[in-house]
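K.L.:
What follows is a single structure, and I will ask about it in a moment.
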Amino acid sequence: MQRQATTSMLVSSIRPLLIPSCSAKTATRRMIHSSIRVRSHENPLGIPRRNPNPAPTLPRRGAGPPQKSRIKGVKQIVVVASGKGGVGKSTVAANLALSLLTTSPLPRAPRIGLLDLDIFGPSVPKLMGLENAGDPQLSDDNKLVPLQNHGVKTMSIGYLLPPNPENDSPVVWRGMMVMKAVQQLLFDVDWKSAVGQGKEDLDVLVVDMPPGTGDVQLSLGQLVSVDGAVIVSTPQDVALVDARKGVGMFNKVSIPMIGLLLNMSHFTCSSCSTPHELFGSSAKFEKAANDLKLDVLGKLPLVTSVSDGGDAGRPVMVQSSKEGEEVRSTMREVGRKVWEWLGSRTVPDLGVRG
Ligand SMILES: Nc1ncnc2c1ncn2[C@@H]1O[C@H](COP(=O)(O)OP(=O)(O)OP(=O)(O)O)[C@@H](O)[C@H]1O
Ligand SMILES: [Mg+2]
């Protein structure tokens, strides 16, 4: 019952696409399939036909950009992003959330959340060891209750999709459905509640962004007041170019930049103890940061226990392997810098949504 309610929340706003009486899990599946059907009706390649009667494109009088708001139950928000895919955003986001738990200047244990905004490739359930945690429950006021592990409350579209033991069914959604899902993840989660927890606001919500500079980034920047962004990049030119674009996009939507984080900067060979810059010199990265007038928050080495830990749902921050110590100490330093940034920031007086 609870399970059905949870998923039906997700699909409620696109109900016209669904058969009203079907169960919520079935509904979600139909939602996915109907998206494919719509696509195949348009033309075999799924490219939209030119609309013979295009809607007027002139802006309506008084229709400015949407008003930014804060998320209910969340004091401050930090996003982890990059223009490029696969550079380690999700890994950094999970480890940053865990690092914030141990580096807080607060006189009590901090309350940290992790929101996965990657609709097409959610990673948080796996990284946080919550892949088989079941569906999120609903709170009394019909909000999604986050799932928690390693002391961090989390939410992801991955918790809401139909079971997929093979992990091989992609989400095939049109932009409208993606944006509905993003809005629900942003505003329909009860961050104050979690099983066995008190009812206080989260101190920090870390948001794991999808790659690119598209709809999700734009919507987040326009709808939510974000307190700072950490941009992750690897040393290669292709990643740095996209990281610059990511910074440019966040500047456009007035998301303040905390700094850049270089991931996979080097690999230290166990036999010769020499750090090797496998993917290129970190000097290029430093120059890019300098050109953008941004701080370098840290340089994370390439370490097997980071990827193994991610796959096993035990991020390196909760491991004690000697190999991961350089990553842990760097991430603790990043955590302290993020707390310092957040502490120095005046929280804008905006409306709360959620
Ligand atoms: N410092 C590191 N050392 C070793 N492996 C790493 C490191 N950082 C990330 N990885 C591995 O690189 C892969 C990609 O990382 P991750 O999924 O976090 O990237 P992403 O930027 O979130 O990708 P996407 O753009 O697809 O969301 C994962 O297998 C992860 O375990
Ligand atoms: Mg990711």
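K.L.:
Run the numbers for Gln67 and Phe120: contour at 0.36 nm per residue of separation, minus the present Cα-Cα distance, in nm.
P.N.:
Gain on stretching Gln67 to Phe120: 16.4 nm.
K.L.:
Right, here's the next one. When the label point is put 7 Å from the Cα of Leu278 along its Cα-to-beta-carbon vector, which residues of the range 287-320 have a backbone N closer than 13 Å?
P.N.:
Counting backbone N atoms under 13 Å from the label point, the list is 301-308.
K.L.:
Continuing with the same structure: Over all distinct Cα pairs, what is the inverse of the mean 1/r for the range 70-345, reported as the Kirkwood hydrodynamic radius in Å?
P.N.:
After inverting the pairwise mean of 1/r, the radius is 18.8 Å.
K.L.:
Quick one: work out the % antiparallel among DSSP beta bridges in the range 206-354, nearest 5.
P.N.:
In the range 206-354, DSSP labels about 20 percent of beta bridges as antiparallel.
K.L.:
So if I take the centroid of the Cα atoms in the range 216-281 and the same for the range 71-86, what is the distance between those two points in Å?
P.N.:
A separation of 13 Å, based on Cα centres.
K.L.:
How far apart, in nm, are two points set 7 Å out from the Cα along the Cα-to-Cβ line at Gln222 and at Thr102?
P.N.:
4.1
K.L.:
Full-extension gain between Ala109 and Lys322, please, as 0.36 nm times their residue separation minus the C-alpha to C-alpha distance.
P.N.:
My answer for the length gained is 74.1 nm.
K.L.:
Taking the Cα-to-Cβ direction at Asp215 and at Thr346 and moving 7 Å from each Cα, how far apart do the two end points lie in nm?
P.N.:
Going by the 7 Å Cα→Cβ label model, 3.7 nm.
K.L.:
Please give the contour-minus-distance gain from Lys199 to Ser307: 0.36 nm per residue of separation, less the Cα-Cα distance, rounded to one decimal in nm.
P.N.:
Taking Lys199 through Ser307 to full extension adds about 35.5 nm, to one decimal.
K.L.:
Using the basic label-point model (7 angstrom from Cα toward the beta carbon), what is the Phe267 to Ser254 distance in nanometres?
P.N.:
With each label point 7 Å from Cα toward Cβ, the separation is 4.5 nm.
Coordinate-derived values only; no laboratory data. Note that the coordinates shown come from a computational prediction; the quantities given were computed from them, not determined experimentally. Cβ: placed from backbone, ideal geometry, glycine included. Neighbour counts: every protein chain shown.
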